[in-house]
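The block underneath contains the structure these notes are about, expressed in structure tokens.
The values are calculated or read from the model by the stated rules, or taken from the named source; none is laboratory data. Only a predicted model underlies this, so the values are computations on that prediction, with no experimental measurement involved. As a convention, Cβ positions derive from the backbone with ideal geometry for all residues, glycine included, and neighbour counts pool all protein chains shown. Just so you know, the surface numbers come from the protein's heavy atoms only, side chains and all, with ligands and any DNA or RNA stripped out. Shrake-Rupley method; radii C 1.70, N 1.55, O 1.52, S 1.80 Å.
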Amino acid sequence: MTVGSDLLTAGPARPKAAAPPRNALPLAGTAVAAVLAAVALTAVTALSVMDAVPGAGVAVTAGAVIVAAAVLTQLRPALRAVRSSRKAAEAWAQDRRADARRAVSEAREDAWTALGWCLTALVVLGAVWFLFANDRAVQRTFFDRDVIGISISEIASAFGTNLFIAVVAQVLILVWGLALALARMAPGRAGRPLRLLATSYIDGFRAVPAIIIIYLIGFGLPLAKVPFLSSLSPVWFAILALTLTYGAYVAEVFRAGIESIAPGQSAAARSLGLSQSSTLRHVVLPQATRRVVPPLLNDFISLQKDTALVNVIGTIDAFNQSKIFASNHFNLSSVTVVAALFILITIPQARLVDRLVAREQRRGKGA
Amino acid sequence: MPFIEIDGVHKSYGDTPVLKGIDLNVEQHQVVTLIGASGSGKSTLLRCINGLEDISGGQIRVDGEVASGRGTDVDRLRRDVGMVFQHFNLFPHMSVVRNVALAPMRVGGVPRAVAEEQARVLLERVGLADKADRMPDQLSGGQQQRVAIVRALATGPRALLLDEITSALDPELVAEVLAIVRELAEGGMTMLLATHEMGFAREVSNKVCFLHQGVLLEEGPPEQIFGEPQQERTRAFLRRIVEAGRL
Ligand SMILES: Nc1ncnc2c1ncn2[C@@H]1O[C@H](COP(=O)(O)OP(=O)(O)O)[C@@H](O)[C@H]1O
Ligand SMILES: [Mg+2]
């Protein structure tokens, strides 16, 4: 007997008993409990903060009320989830299966929404509690208003050094990275030595931590008495070191971008009689640039943060400045200021990258 | 003297031979069609003629000049011989008119204003004047391929290589592209084309060549190749085409 007839003669299909949808009632109950617990925790946290900060009663109460009210809004979806779960059981009993499934699905979504917001509230409350615990020790160490007030203006102006290093390095990196990328893709037998050179450079500089390159250049060049180079200021040593390091990363970003352009584009350009360099300039690079911008910005964000590494060679950047304040006051609040400044410049860029990536994806789908 | 002369051309990718000694001549004002199964080497042959691939043996001459091997003046070669691709390969970051004007500007040294004016005239002729300022991805496949043909014509080539230029198109868009090729053929343009449109090949070709696994198995006038093919493999290939409803 063949397999086919075997399949055909298999017994009559028996209708399978439909399984009831999963009971959402326990989840919904948990959500209700979580909302109530979060409200209670808000009150407890508020009391402990009031203990730590005498005289701030009104402000703390106001804050606590706002948090509690926000959490309480989630009681609605949580209760709705309980109702939907009951309705689902009812519908299932009356054999309205589609209704039952829809009600369960709604119940679960409502319950998870409430639970998600409760978790968020919990994290925030936890952070507040941590800050004010131990008689405000944490808050005073990291967020001392006086120390912040004393240090902020000098740190902000020292942050200008970080920005200067970052901006100049970024310009140099673009040039250097592109040169490295093109060298790494040098064609043919004649291009081999160049390819080898570029590849070793890129491998080498990606392997060594940036802080070590900065250290070697910042202390090494003056010691080695290299003409011109050793007379540069530490800021320029930092720019040089970061350009050398990040040039290697950016070269790979450029190379990936160039290689992502379909070979048909070059073929079409070449068949029209454009030279290799015209093809690169007018056809490949303009298209590659667009794709390269998001990963490039990511590298630049991490470069901006790495400008803080220059403190190892004594450049007075924001971090170094803040450390001076920190040791003078036995308090880290000035360093928190630096952290805040980095957050301030990085977040807009991170969102910009997200938008560019989304745009690139839309473009990809549209084509 | 034939305009394109292909003498014993061999081409391998690594150890894999793809063209195994091709001999083929294209006379001036002739339309020659390459047919054959996918992977038989049609695209490779066209790319070799345009200098997009190096050949491993034999010789290609265009207009009497050696057009293969070291020292070939590929720039001159490509001015004489234009190419159109299966997937159009328009430059997506340039408007239609810029696509067409690019080569005259960058290769011919024509000033932008003049090059774009000429481009508009050419686009007008294929009925795309109103699309000149669009971006390529705003055009249908058929319109894009018409632009690609115009782009290849903009440098004033004396011959065109067309590589399955309708294969990536929706069926209802094929005719508008073939109409242009027909017009070019009637105008006396020398063309070597690879195609699966057998009806069209039969209609416009002076000569049809059947390629099989890198060997030119049979060539002759279309009536002979489609009417009474001599080789069993040619017959088998055409039979499959008929069974697929494409002839
Ligand atoms: N760049 C390449 N590298 C390796 N093999 C290739 C390459 N291009 C084409 N080939 C091979 O050469 C053969 C002929 O390909 P092609 O000329 O594209 O055939 P056709 O155009 O007739 O379909 C195929 O077997 C293909 O796999
Ligand atoms: Mg092909």
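Go through B:Val181, B:Val242, B:Val215 for me and flag whichever is surrounded by fewer than 19 Cβ atoms within 10 Å (Cβ to Cβ), closer than 26 Å to B:Phe3 by Cβ and either over 15 Å from the mean Cα position of the chain (by Cα) or touching a residue at least 24 places away in the same chain (Cβ under 8 Å) (or both).
From the options B:Val181, B:Val242, B:Val215, the qualifying one is B:Val215.
Please go through the stretch A:129-147 and pick out each residue that is closer than 30 Å to A:Gln74 by Cα and open to solvent by 50 Å² or more (accessible area, probe 1.4 Å).
A:Trp129, A:Phe130, listed by residue number.
Could you list, in sequence order, all residues of the stretch B:94-107 that are part of a helix (DSSP H, G or I) and within 8 Å of chain A (Cβ to nearest Cβ)?
B:Leu102, B:Ala103, B:Arg106
Could you tell me which of the residues A:Glu259, A:Glu252 is under 30 Å from A:Ile345 (Cβ atoms), away from every other protein chain (no Cβ under 11 Å) and acidic (Asp, Glu)?
Being under 30 Å from A:Ile345 (Cβ atoms), away from every other protein chain (no Cβ under 11 Å) and acidic (Asp, Glu) holds for just one of A:Glu259, A:Glu252, which is A:Glu252.
Scan the stretch A:303-334 for residues that are among the aliphatic types (A, V, I, L, M), assigned to a helix (DSSP H, G or I) and open to solvent by 40 Å² or more (accessible area, probe 1.4 Å) and report the count.
3
Any idea which residue in the stretch B:83-93 is farthest from B:Arg146 (Cα to Cα), counting only those that are in a loop (DSSP other than H, G, I, E, B) and facing chain A (nearest Cβ under 8 Å)?
For the stretch B:83-93, the residue satisfying everything is B:His93.
Which of the helices (runs of 4 or more DSSP H) contained wholly in the stretch A:153-259 include at least 2 residues that are among the acidic types (Asp, Glu)?
Here the list reads A:234-259.
Based on this model, can you work out whether B:Leu45 counts as more than 14 Å from chain A (Cβ to nearest Cβ), among the hydrophobic types (A, V, I, L, M, F, W, C), surrounded by 16 or more Cβ atoms within 10 Å (Cβ to Cβ) and touching a residue at least 40 places away in the same chain (Cβ under 8 Å)?
Yes; evaluated as a whole, the condition is true for this residue.
If you check B:Ile35 against the conditions, is it crowded, with 22+ Cβ neighbours inside 10 Å, more than 12 Å from ligand 1 (Cβ to nearest atom) and either of a type in the set (Asp, Glu) or more than 20 Å from A:Thr279 (Cα to Cα) (or both)?
No; evaluated as a whole, the condition is false for this residue.
Looking at (1) of a type outside the set (D, E, K, R); (2) crowded, with 23+ Cβ neighbours inside 10 Å; (3) over 23 Å from B:Ala101 (Cβ atoms), can you tell me which one B:Ile165 breaks?
Going through (1) of a type outside the set (D, E, K, R); (2) crowded, with 23+ Cβ neighbours inside 10 Å; (3) over 23 Å from B:Ala101 (Cβ atoms) one by one, B:Ile165 breaks only (3).
List every residue pair whose Cβ atoms sit under 8 Å apart, with the two residues 6 or more apart in sequence or on different chains, where the first one lies in the stretch B:84-97 and is farther than 19 Å from B:Gly156 by Cα and the second, anywhere, is hydroxyl-bearing (Ser, Thr, Tyr).
B:Gln86/B:Ser43; B:Gln86/B:Ser167
If you go through the stretch B:60-82 one residue at a time, do you hit one that is part of a loop (DSSP other than H, G, I, E, B) and within 16 Å of ligand 1 (Cβ to nearest atom)?
The answer is no; no qualifying residue exists.
If you scan the stretch A:207-235, which residues turn out to be of a type outside the set (A, V, I, L, M) and closer than 17 Å to A:Lys305 by Cα?
A:Pro209, A:Tyr215
Looking at (1) more than 14 Å from chain B (Cβ to nearest Cβ); (2) in contact with a Gly (Cβ under 9 Å, 6 or more places away or on another chain), which is the one condition that is false for A:Leu216?
Every listed condition holds for A:Leu216 apart from (2).
Under 7 Å by Cβ, and 6 or more places apart or on different chains, what pairs join a residue from the stretch A:21-40 that is more than 14 Å from A:Arg86 (Cβ to Cβ) with one that is of a type in the set (S, T, N, Q)?
Partner pairs satisfying both residue conditions: A:Val35/A:Gln74.
Those residues that are away from every other protein chain (no Cβ under 11 Å) and either outside any loop (DSSP other than H, G, I, E, B) or open to solvent by less than 50 Å² (accessible area, probe 1.4 Å) (or both), I need them from the stretch B:48-59; list them, please.
Scanning the stretch B:48-59 gives B:Cys48, B:Ile55, B:Gly57, B:Gly58, B:Gln59.
Would you confirm whether any residue within the stretch B:7-15 is more than 14 Å from every other protein chain (Cβ to nearest Cβ), buried (at least 23 other Cβ atoms within 10 Å of the Cβ) and away from ligand 1 (no atom under 15 Å from the Cβ)?
For the stretch B:7-15, residues more than 14 Å from every other protein chain (Cβ to nearest Cβ), buried (at least 23 other Cβ atoms within 10 Å of the Cβ) and away from ligand 1 (no atom under 15 Å from the Cβ): absent.
Can you tell me which condition B:Ala115 does not meet? The list is (1) within 30 Å of A:Arg362 (Cβ to Cβ); (2) buried (at least 18 other Cβ atoms within 10 Å of the Cβ); (3) of a type in the set (Gly, Ala, Ser), and all the others hold.
Answer for B:Ala115: the failing condition is (1).
Quick test of your reading of the structure: B:Met1 fulfils all but one of (1) in contact with a strand residue (DSSP E or B) (Cβ under 6 Å, 6 or more places away or on another chain); (2) open to solvent by 20 Å² or more (accessible area, probe 1.4 Å). Name the failing condition by number.
For B:Met1, the exception is condition (1).
Just wondering, is there one or more residues in the stretch B:149-164 that are over 20 Å from A:Leu274 (Cβ atoms) and away from ligand 2 (no atom under 16 Å from the Cβ)?
no
Give the residue that is nearest to B:Ala194 (Cα to Cα), with candidates limited to residues of the stretch B:1-42 that are part of a strand (DSSP E or B) and without any contact (Cβ under 8 Å) to a residue 40 or more places away in the chain.
For the stretch B:1-42, the residue satisfying everything is B:Asn25.
Looking at B:Asp80, B:Asp63, B:Asp23, B:Asp75, which one is away from ligand 2 (no atom under 16 Å from the Cβ) and at pLDDT 95 or above?
Going through B:Asp80, B:Asp63, B:Asp23, B:Asp75 in turn, just one is away from ligand 2 (no atom under 16 Å from the Cβ) and at pLDDT 95 or above: B:Asp23.
Can you tell me how many residues in the stretch B:179-215 are more than 16 Å from ligand 1 (Cβ to nearest atom) and touching an Asp or Glu at 6+ places or on another chain (Cβ under 7 Å)?
Counting residues in the stretch B:179-215 that are more than 16 Å from ligand 1 (Cβ to nearest atom) and touching an Asp or Glu at 6+ places or on another chain (Cβ under 7 Å) gives 1.
Being among the β-branched types (Val, Ile, Thr), over 30 Å from A:Ala68 (Cβ atoms), open to solvent by 50 Å² or more (accessible area, probe 1.4 Å) and in contact (Cβ under 8 Å) with a residue 12 or more places away in the chain is true for just one of A:Ile155, A:Ile165, A:Ile150. Which residue is that?
Answer to the check: A:Ile150.
Tally time: how many residues in the stretch B:132-153 are over 15 Å from the mean Cα position of the chain (by Cα) and either polar (S, T, N, Q) or open to solvent by less than 30 Å² (accessible area, probe 1.4 Å) (or both)?
Residues flagged as over 15 Å from the mean Cα position of the chain (by Cα) and either polar (S, T, N, Q) or open to solvent by less than 30 Å² (accessible area, probe 1.4 Å) (or both) within the stretch B:132-153 amount to 9.
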